[in-house]
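Asker: Encoded as structure tokens, here's the structure I'll be asking about.
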């Protein structure tokens, strides 16, 4: 009979450590302290954190994205196993990516005590999520969009990515 606490071998990572119940349920990360510290160290070392504005059918939309680029896919698999996201190949490198305002803010709120280099970036993502206000189209309240655009500009000013550092 198999033990319920099987040891995970390096080639058998679970796909996610995220509890989801229902399509619109909030995600809850179940990470212990050492896993949080590991992920924070990984993100502090080399990641892109961006508050991004894009256009969807002419309407401005905003999201948050965390990317980690690495030449070895195996290095990124534990990250995907612990927090989800996806790994894609780009030229000669692999990129782990996690997207979504709420999802990234929730992850950063767990990692905040362990972050050093990306702490200010994480705080901005958490603040962006907290100050989010739903706006219906057509967008008549330009102040909200201006406020969101300031977050986008500040994310560039903070050098929230590895580019230019």
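Read the figures in this text as sums done on the coordinates, not as results from a lab. Predicted model, so just to flag it, every value in this text is computed and none were measured. No Cβ is skipped: glycine too gets one built from the backbone with ideal geometry, and neighbour counts run over all protein chains shown.
Asker: To two decimal places, what compactness ratio does segment 18-157 give when its Cα radius of gyration is scaled by 2.2 N^0.38 Å? All intermediate terms of the calculation are to be shown ahead of the outcome.
Answerer: Values: Rg = 15.8 Å, N = 140, 2.2 N^0.38 = 14.4 Å.
Taking the Cα Rg and dividing by 2.2 N^0.38 Å, one obtains 1.10.
Asker: How long is the gain from residue 57 to residue 117 if the chain were fully straight, where each residue apart is worth 0.36 nm and the alpha carbon distance is subtracted?
Answerer: On the way: separation 60, 0.36 × 60 = 21.60 nm, distance 3.63 nm.
So the extension gain works out to 18.0 nm.
Asker: Of 126, 51, how do they rank once you tally other Cβ atoms within 10 Å and put the fewest first?
Answerer: So the ranking, lowest neighbour count to highest, is 126, 51.
Asker: Related question: Grab the Cα-Cα distance for residue 88 and residue 37, subtract it from 0.36 nm times how many residues apart they are, and report the gain in nm with one decimal.
Answerer: Net length gain for the segment: 15.9 nm.
Asker: Still on this structure, I have one more. Obtain the nm distance between the two label points defined at residue 71 and residue 109 by a simple spin-label model: each point lies 7 Å from its Cα along the Cα-to-C-beta direction.
Answerer: Result for the modelled spin labels: 3.9 nm.
Asker: Shifting gears a bit: Arrange 129, 56, 149 by Cβ neighbour counts within 10 Å, fewest through most, would you?
Answerer: Neighbour counts put them in this order, fewest first: 56, 149, 129.
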